[in-house]
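See below for the structure under consideration.
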Amino acid sequence: MLADVIPGLMSVLDPTVLFFIVVGVFVGIVFGSIPGLTATMAIVMFLPVTYTMEPIEGVSTLIALYVGGISGGLIAAILLNIPGTPSSIATTFDGTPLARKGQAGKALGVGVVFSFCGTILGLLVLVLVSPLLASVAIKFGPYEYCTLALFALSLVITLTGRDLVKGLISGLLGVMLATVGLAPVDSAKRFTFGMVDLNAGFSLLTLLIGLFAITEVIKAAEDVRKPFKAEVESNVKIKGFGFSWAEFVSQKFNMVRSSAIGIVIGILPGIGGAISGMLAYTAAKNQSKYPEKFGTGIIDGVVASESANNAGIGGAMIPLLTLGIPGDAATAMLLGGLMVHQIAPGPLIFDKSGVEVFGIFFALAFSAIAMLCLELFGIKIFIRVLKVPKYLLLPVIMVLCVIGAIGNANRMFDVWTVMIFGVIGYLLIKAKIPHVPMILGFILGPIFELNFRRAVQHAQIDPTGFIGHPIAICFFVVTVIVIFFSLRRQRKEAALLKASEES
Amino acid sequence: MKKFATALTLAAALTVAAAPAAFADDTYPSQTINMICSHGAGGDTDYNARLISRMLEKKLGVSVVVNNVTGANGSIALTQYKDEKADGYTLIATNAMSLASNEASGLSDFGYDAFEVIGIYGKQCGENLLVRADAPYNNLEELIAATQKDPETITLGVAMGGSSYIAGLIMQTEKNAKFAMVDAGGDGAERMTSLLGGHIDVTIAPYTLAKEYIESGKVKSLCTLMSQRLPATPDIPTASESGVPNLQIDTLYVLLAPKGTPAAVTEKVNAAVQDIVNNDPEYKQAIMDFNFQTPYALSIADSIARLKEQREHMMSYSKYLQ
């Protein structure tokens, strides 16, 4: 196996491969940073192109697109308050306030560097212990996923801000929206009103674009008569990475914890990067000495989200390579890309395609480096976005959102849903109902329902059911504890906020 | 709502093709052909569509652009494009199993006859009936006997309503097998994971996904559900040889055109497709590498007969599916 390391490295050190990696990362960043276009879409578009390439060229290109796409989301998240991809939702929580404080350069620098660190940590885990972790991951069955989804849903309380009722309303709205279409397990049509297009349900992407991008546009329309103030503070000179070494060191535990969360969520098929970012964010907040500062613009929040979502890449590659199980849409396409080139993921991959596997590892490492360089050089350019008047910028974003919506499944239907979600999102803002719990509910509701229904089927066969599943019991107990504590803390915070507002 | 629906169809029609319909038979094709793939990028239906489109480009001399319109097991694309302009510039690539099982389960209210059939152009490497290597049964008969001995204890992981579920129904109705059928996901990879993780005892998944596990000795294939043994795996018997004659599930890749597409067009494309599939060595190699497929293409008449047969087979189980 070790004999494959050097040939693997050499295969990637080919100038054409390196060129494809840089181009792939660049294109990925572009797709990631534009609201509406995602890493998945970049891979969809380029997958057929890679069919005709040399194996290592094709696979490296896809990996580069993946790395660039996941990381690129942070740019729009920080500068525009619009997550470029679902996995950068949590980056907006502190990234945007930082940018509003005039520290956009710092926020971007932190995001980029910790994206890089997260990717590398994920890669290390992938290289060192992937077969072991993969065998743990398959132990997750319906009971485990069901309780995990329940646990993640309890995050709504922490992410909701001061008004718990409104947070829960939002979360439930998300769960309800996700029930449209074919039901899990029995494929019954729900809330389709005879419209064929509704059979497929709503996609996360259209909800995300609608709630975050279109609402930004509508909000800006409110200010249309006000004179435009150029955001002069974005002219702050950025030296090096935009933040100090001391700040980097202060985040080391946060980075490791967030990356670990990202890797774990990445390994478990079907959960996805959006959740890992939010989980890492709440973990960082709950364990912080100054949780009240989260959401006001501190780097801890950006670090948590960005380390986690990029670490998830290495995590998602673990079941992909060692089991042939894709965890999300992006890795499902990578699987197709591997199989075309006769790299068959599975338990024998190291024996059969050792050189290619190490090629993949090195391609991932080089992609991370390319991402770091491209984005660090790019910060000064990205930041100029803030100087573009919003009445010019936002219509362009709106067009891109429509393109993204069509690109999702080549359907006009998705464009209409984006617009409708945009209007709903705006009304929710007016009602002071937060958006994030809605996304959380939308993603986790179906995971919970599917696995709950499967668990019920299993329980009918094996009446011991739940009792024989210690991991599931653990999740359940933790969920109860988390709900208890976060309710208590949430009340305290709300009371504090209220007091400070009254004084 | 009606207005919205009209706007929707209008918008869809506008975006897809505003192409001139008139053409003389011998000038077809003279412009880009839009090929709609009913399943997502990276899967086998998509791979076959993209491969044949690439080869068709060379053959027909015009671009053949594949667009994935995904959702609800292909039914979204099929519904949306069945009434598309029938000028031969919109083709639909799908798999016959989705077409038939969607109709049988009531997901769609139409079958292959809502389209002009261009032809079946490929056959998947076949779903295999899989158990973990340490399972006490070595063939289908032993497995079915075991389920009768301890009814409702051996779990068969299927996609409820999908072809794997129908396979379970066939075993139940024909051979009185007593599996406890549970949902383990519409994606073969998901069902493999469940099998490996010990959450289910038996499952059905494409050979491509199981191959590595069969070779590494973690999983056993009891039989293939194809009507004939896969040339790449001559040792794996078919289910019909193993005592369940009706257990035949062939996933066929098929090209369709909107209803009313002139016969001259469908015949021309069918001829081109058959020529590629049967005679192009590059094509042969590519489908073998990706999916262990061997060339398989039928004439229009044979394709229709095959689709009809598969539809009747599926429809006879429709009462269990709705």
In this structure, is A:Ala495 modelled with pLDDT under 90, within 19 Å of A:Gly174 (Cβ to Cβ) and part of a helix (DSSP H, G or I)?
-> no
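Can you find even one residue in the stretch A:331-345 that is within 14 Å of chain B (Cβ to nearest Cβ), among the hydroxyl-bearing types (Ser, Thr, Tyr) and out of contact with any Lys or Arg (no Cβ under 9 Å at 6 or more places or on another chain)?
yes
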Restrict the check to the stretch B:207-214 and report whether at least one residue is within 11 Å of chain A (Cβ to nearest Cβ), at pLDDT 90 or above and in a loop (DSSP other than H, G, I, E, B).
-> no
Among the residues of the stretch A:442-453, is any farther than 23 Å from A:Leu198 by Cα and within 12 Å of another protein chain (Cβ to nearest Cβ)?
-> yes
Does the stretch B:25-44 contain at least one residue that is touching a strand residue (DSSP E or B) at 6+ places or on another chain (Cβ under 9 Å), more than 7 Å from chain A (Cβ to nearest Cβ) and modelled with pLDDT under 85?
-> yes
Got at least one residue in the stretch B:51-60 being more than 12 Å from chain A (Cβ to nearest Cβ), farther than 18 Å from B:Ser303 by Cα, touching a Pro at 6+ places or on another chain (Cβ under 7 Å) and buried (at least 18 other Cβ atoms within 10 Å of the Cβ)?
-> no
Looking across the stretch B:29-44 at residues that are under 20 Å from the mean Cα position of the chain (by Cα) and among the small types (Gly, Ala, Ser), the single one that is nearest to B:Lys85 (Cα to Cα) is B:Ser38
Quick one: in the stretch A:441-490, of everything that is surrounded by fewer than 20 Cβ atoms within 10 Å (Cβ to Cβ) and of a type in the set (D, E, K, R), which residue is farthest from A:Ile169 (Cα to Cα)?
-> A:Asp462
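Need a quick list: helices (runs of 4 or more DSSP H) entirely within the stretch A:332-450 having at least 3 residues that are more than 29 Å from A:Phe46 (Cα to Cα). Give the steps one after another, and end with the answer.
Details: elements: A:349-352, A:354-382, A:390-409, A:412-430.
Answer list for the stretch A:332-450: A:390-409, A:412-430.
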So, in the stretch A:270-303, of the ones that are in contact (Cβ under 8 Å) with a residue 40 or more places away in the chain and either among the hydroxyl-bearing types (Ser, Thr, Tyr) or in contact with a strand residue (DSSP E or B) (Cβ under 7 Å, 6 or more places away or on another chain) (or both), which residue ends up surrounded by the fewest Cβ atoms within 10 Å (Cβ to Cβ)?
-> A:Thr296
Identify, from the list B:Pro206, B:Pro237, B:Pro231, the residue that is under 15 Å from the mean Cα position of the chain (by Cα), surrounded by fewer than 23 Cβ atoms within 10 Å (Cβ to Cβ) and in contact (Cβ under 8 Å) with a residue 12 or more places away in the chain.
-> B:Pro206
Just for the stretch A:172-224: of the residues that are within 26 Å of A:Ala39 (Cβ to Cβ), touching a strand residue (DSSP E or B) at 6+ places or on another chain (Cβ under 8 Å) and more than 9 Å from chain B (Cβ to nearest Cβ), which one is surrounded by the most Cβ atoms within 10 Å (Cβ to Cβ)?
-> A:Phe202
Checked against (1) closer than 19 Å to B:Gly188 by Cβ; (2) surrounded by fewer than 22 Cβ atoms within 10 Å (Cβ to Cβ); (3) out of contact with any Pro (no Cβ under 8 Å at 6 or more places or on another chain); (4) modelled with pLDDT of 90 or more, B:Gln248 satisfies every condition except (4)
Could you please find all residues in the stretch B:175-195 being out of contact with any strand residue (DSSP E or B) (no Cβ under 6 Å at 6 or more places or on another chain), at pLDDT below 90 and on the phi < 0 side of the Ramachandran plot?
-> B:Gly186, B:Asp187, B:Ala189, B:Glu190, B:Thr193
Restricting attention to the stretch B:152-169, the residues that are touching a helix residue (DSSP H, G or I) at 6+ places or on another chain (Cβ under 9 Å) and modelled with pLDDT of 90 or more number exactly 8
Is one or more of the residues making up the stretch A:147-170 within 14 Å of another protein chain (Cβ to nearest Cβ), in a helix (DSSP H, G or I) and over 26 Å from A:Lys492 (Cα atoms)?
-> no
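Which helices (runs of 4 or more DSSP H) sit wholly inside the stretch A:1-83 and have at least 1 residues that are touching a Gly at 6+ places or on another chain (Cβ under 8 Å) and without any contact (Cβ under 8 Å) to a residue 60 or more places away in the chain?
Passing ranges, in order: A:15-33, A:39-50, A:55-80.
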Where a residue in the stretch A:240-254 is loosely packed, with under 11 Cβ neighbours inside 10 Å and its partner, wherever it lies, is of a type in the set (Gly, Ala, Ser), with Cβ under 8 Å and at least six apart = A:Gly240/A:Gly109
Just a yes or no: is a residue in the stretch A:124-135 crowded, with 23+ Cβ neighbours inside 10 Å, over 23 Å from B:Gly197 (Cα atoms), at pLDDT 90 or above and in contact with a Gly (Cβ under 7 Å, 6 or more places away or on another chain)?
-> no
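State yes or no: is B:Tyr81 within 12 Å of another protein chain (Cβ to nearest Cβ), crowded, with 16+ Cβ neighbours inside 10 Å and either at pLDDT 85 or above or in contact with a Phe, Trp or Tyr (Cβ under 7 Å, 6 or more places away or on another chain) (or both)? Walk me through it before giving the result.
Values: within 12 Å of another protein chain (Cβ to nearest Cβ): yes; crowded, with 16+ Cβ neighbours inside 10 Å: yes; either at pLDDT 85 or above or in contact with a Phe, Trp or Tyr (Cβ under 7 Å, 6 or more places away or on another chain) (or both): yes.
Yes, satisfied.
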Restricted to the stretch B:215-265, and to residues that are in a strand (DSSP E or B) and of a type in the set (Gly, Ala, Ser), which residue is farthest from B:Tyr28 (Cα to Cα)?
-> B:Ser221
If you go through the stretch B:29-80 one residue at a time, how many are touching a residue at least 40 places away in the same chain (Cβ under 8 Å) and touching a Gly at 6+ places or on another chain (Cβ under 6 Å)?
-> 3
Search result, residues across the stretch B:176-197 that are assigned to a strand (DSSP E or B) and either within 14 Å of B:Thr147 (Cβ to Cβ) or more than 8 Å from chain A (Cβ to nearest Cβ) (or both) | B:Ala180, B:Met181, B:Val182
Do we find a residue being free of Cβ contacts under 8 Å to residues at least 12 places away in the same chain, within 14 Å of another protein chain (Cβ to nearest Cβ), of a type in the set (D, E, K, R) and within 21 Å of B:Thr94 (Cα to Cα) anywhere in the stretch B:110-130?
-> no
Since B:Gly74 meets every condition but one in (1) crowded, with 23+ Cβ neighbours inside 10 Å; (2) farther than 20 Å from B:Ala297 by Cα; (3) within 9 Å of chain A (Cβ to nearest Cβ), which condition does it not meet?
-> (3)
A:Lys430 more than 12 Å from every other protein chain (Cβ to nearest Cβ) and at pLDDT 90 or above = yes
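The values are calculated or read from the model by the stated rules, or taken from the named source; none is laboratory data. Treat the numbers as computed from the prediction; the structure is a model and nothing was measured. Note that we place each Cβ from the backbone using ideal geometry, even for glycine, and neighbour counts take in every protein chain shown.
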